[in-house]
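S.K.: Below is the structure I would like to discuss, written out as structure tokens.
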Amino acid sequence: MVLSKDYGQLQRQGRQLKSRIAESMVFLRRFVGAPRQVGSVIPSSPYLTRAVLDKIDWSQVRNVAELGAGTGVFTRSIVRRARPDARLLVFEIDPDLQRMIGASHPGLKLYGDAQELPAILEDLGIDKLDGIVSSLPFTVLPPAMTARILDAVQDTLVPGGKFVAYQYSKIMKRHFESRFSEIRTSFVPINIPPAFVYECRGDLRKK
Ligand SMILES: C[S@@+](CC[C@H](N)C(=O)[O-])C[C@H]1O[C@@H](n2cnc3c(N)ncnc32)[C@H](O)[C@@H]1O
């Protein structure tokens, strides 16, 4: 009895490992094809995923966007954490990655370029977002694109709403500081590469 339970658990872990390896291979191929768009060779670790998503009080979130979903490591956890009545808009510019997420989350709202965030909210009749989670590689994206996406983030967050973004360096810190009044930084060493998590709030343009 105990043995069969252990065996079942082992089988489940084996399946999870296999799908993680397959996911990492897909991601690596996308990175080789478009390094400046993908920005990383491997999906985020569970430690980084947790560090980012723990910054949001999911019980208060009704409308939330994820920017740069990749293979969906954050998406899976957001779906688990979000309220049943929450609306999650997922942005991933790579159509193949977008299809991959769609296959495991039928019914999820999937979009392409994060620059379209304000236009999409308008189309959906959503006024503002309570939170935005970003995995975008801002330092390697074209600077004009990074600026437009950060403008879009500020334009679409409710006052007091949180923007949580991870980065592999501190280069973006001063950009975030020029836009948000409250910033908390933490560091997650167990990730490839290790990452800084920025928790940003308070639009400085509205002061
Ligand atoms: C560093 S990967 C993160 C993937 C995943 N969230 C993770 O943490 O493992 C960044 C992702 O952002 C996507 N991306 C880059 N520019 C984008 C844009 N303008 N709009 C939406 N997604 C974008 C890339 O295709 C890539 O999948």
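The values are calculated or read from the model by the stated rules, or taken from the named source; none is laboratory data. Since this is a predicted model, take the numbers as computed values, not measurements. Please note: Cβ atoms are built from the backbone with ideal geometry, for glycine as well, and neighbour counts cover all protein chains shown. The protein model used for the area step is the full one, side chains on, heavy atoms only, and it has no ligands, DNA or RNA in it. Shrake-Rupley method; radii C 1.70, N 1.55, O 1.52, S 1.80 Å.
S.K.: Any idea how many residues of segment 12-43 are open to solvent by less than 90 Å² (accessible area, probe 1.4 Å) and assigned to a helix (DSSP H, G or I)? Don't jump to the end; show me each part of the working.
M.R.: Of the residues in segment 12-43, the ones open to solvent by less than 90 Å² (accessible area, probe 1.4 Å) are 14, 19, 22-24, 26-28, 30-31, 33-35, 37-43.
Applying the additional criterion that residues be assigned to a helix (DSSP H, G or I) yields 14, 19, 22-24, 26-28, 30-31, 33, 35, 37-38.
Count: 14.
S.K.: Could you tell me which of the residues GLY8, GLY70 is within 14 Å of the ligand (Cβ to nearest atom), open to solvent by less than 30 Å² (accessible area, probe 1.4 Å) and over 27 Å from GLU182 (Cβ atoms)? Full working, then the answer.
M.R.: Numbers: GLY8 fails: within 14 Å of the ligand (Cβ to nearest atom).
Matching residue, one of GLY8, GLY70: GLY70.
S.K.: In segment 124-144, which residue that is surrounded by 15 or more Cβ atoms within 10 Å (Cβ to Cβ) and among the aliphatic types (A, V, I, L, M) is nearest to the chain's Cα centre (by Cα)?
M.R.: The first filter runs over segment 124-144 and keeps only residues surrounded by 15 or more Cβ atoms within 10 Å (Cβ to Cβ), leaving 126, 129-141.
Now restrict to residues that are among the aliphatic types (A, V, I, L, M): 126, 129, 132-133, 136, 140-141.
Details: ILE126: 20, LEU129: 14, ILE132: 8, VAL133: 5, LEU136: 7, VAL140: 16, LEU141: 16 Å.
Only one residue fits best here, namely VAL133.
S.K.: Something else now. Starting from segment 134-146, take each residue that is outside any helix (DSSP H, G or I) and list its partners that are more than 9 Å from the ligand (Cβ to nearest atom) and hydrophobic (A, V, I, L, M, F, W, C), counting only C-beta distances under 6 angstrom and pairs at least six apart or across chains.
M.R.: The qualifying pairs are SER134/ALA165; PHE138/MET172; THR139/ILE171.
S.K.: For the subset of segment 97-123 comprising residues that are surrounded by fewer than 13 Cβ atoms within 10 Å (Cβ to Cβ) and farther than 18 Å from MET145 by Cβ, which member is nearest to the ligand (Cβ to nearest atom)? Please lay out each step first, then the result.
M.R.: Residues of segment 97-123 surrounded by fewer than 13 Cβ atoms within 10 Å (Cβ to Cβ): 99, 103, 106-107, 119, 122-123.
Among the residues that remain, those that are also farther than 18 Å from MET145 by Cβ are: 99, 103, 106-107, 122-123.
Numbers: ARG99: 12, ALA103: 16, PRO106: 19, GLY107: 20, GLU122: 17, ASP123: 17 Å.
This residue is ARG99.
S.K.: Still on this structure: Determine which single condition PHE187 fails, assuming it passes every other condition in (1) under 19 Å from SER40 (Cβ atoms); (2) surrounded by 13 or more Cβ atoms within 10 Å (Cβ to Cβ).
M.R.: Failed condition: (2).
S.K.: Give me the pairs, please: first residue somewhere in segment 89-114 and touching a residue at least 60 places away in the same chain (Cβ under 8 Å) and in a loop (DSSP other than H, G, I, E, B), second residue anywhere and open to solvent by 30 Å² or more (accessible area, probe 1.4 Å) and near the ligand (Cβ under 10 Å from one of its atoms), beta-carbon distance under 6 Å, and either six or more positions apart or on two chains.
M.R.: So the pair list comes out as ASP94/ARG30.
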